[in-house]
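The values are calculated or read from the model by the stated rules, or taken from the named source; none is laboratory data. Since the structure is predicted, the reported quantities are computational estimates derived from the model, not experimental observations. Cβ sites come from the backbone with ideal geometry, for glycine too, and all protein chains shown count toward neighbours. With ligands, DNA and RNA removed, areas are computed over all heavy atoms of the protein, side chains included. Shrake-Rupley method; radii C 1.70, N 1.55, O 1.52, S 1.80 Å.
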Amino acid sequence: MTMWTVWTLALVAVTLLLLTFRADLDKAHVILVFLLVILGASAAGGRALGVVLSLVAFVIFDLMFLPPYGTLVVRNPLDWLALVAFLVTSLVAAQLLYMARAQRAAVEREIAAREGERLKDALLAAVSHDLRTPLTSIKGLAHELSQDGDERAAIIEEEADRLNRLVTDLLDAARMSAGNFPVAPQPNALDDLLGVVVRQFAGRPDRNRLDVSLDRPDE
């Protein structure tokens, strides 16, 4: 059964129970019992359910617990005060419960987001550590080979340094997204940047396809 069905049946059951003792009950007792049902419905089923049950309970209270019974007529002016107080209290309670649930959900989402950021940072740190260890070994071996005059070893060593910088950039990007990394942009010479690109492609088999030119190198 849905929450609407469950709490509607609960309101009906409570009404029948109160009718059994109607002669011995004060109006305040009826109001308190109905409010408990409405609060439970609002907490379990949301604001809409709480508002609807508030209106239904308002009509039931008038029909069955305010004389003359079985009519919507209210003879005693003080009974109007009880009716209005009950309706306003139940509606406000439903709204407050809705706001409390929404606030709790927002807090839970914020906590989940923070936990996700922490997990991502931890994964990045672990991956970077796992990558840097073999990169250090590769660079060391390439450096030893380069001592024997092997030019390819120098390229391998340079590529290992580039991969190490990429790993560092990944960690820096994660810190930037978390707002924990100070950014200080600096100008770079275009010819220097293009020189870095050319060196990065130096080890590729199709490096001869790379054509770089500057029309205004003086600027």
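With angles folded into 0 to 90 degrees, how steeply does helix 190-200 sit against the dominant principal axis of the chain? Use alpha carbons for both and round to 10. Once rounded, the angle reads 80 degrees. Working from label points 7 Å from Cα in the Cα-to-Cβ sense, the residue 162 to residue 210 distance is 0.6 nm. Here are a few candidate values for Cα Rg over 2.2 N^0.38 Å: (i) 2.17; (ii) 1.84; (iii) 1.10. Which one was actually calculated from the structure I just gave you? Here Cα Rg over 2.2 N^0.38 Å agrees with entry (i).
Give me the accessible area per residue for the chain, probe 1.4 Å, as a whole number in Å².
Spelled out: the 1.4 Å probe surface of the chain, per residue, equals 70 Å².
Principal semi-axes of the equivalent ellipsoid, √(5λ) from the alpha carbon gyration tensor of region 65-143, are 71, 8, 5 Å from largest down. Hey, rough spin-label estimate for residue 20 and residue 170, points 7 angstrom out along Cα→Cβ, what's it come to in nanometres? Those two pseudo-labels are separated by 6.8 nm. The angle between the Cα long axis of helix 77-146 and the longest principal axis of the Cα atoms of the chain comes to about 20 degrees, rounded to the nearest 10.
Using a 1.4 angstrom probe on the protein heavy atoms only, line up 115, 159 by accessible area, largest first. Don't skip to the end; give the middle numbers.
Numbers: 115 95, 159 45 Å².
From most exposed to least exposed: 115, 159.
Extension gain for residue 114 to residue 198 (0.36 nm times residue separation, less C-alpha to C-alpha distance): 26.2 nm.
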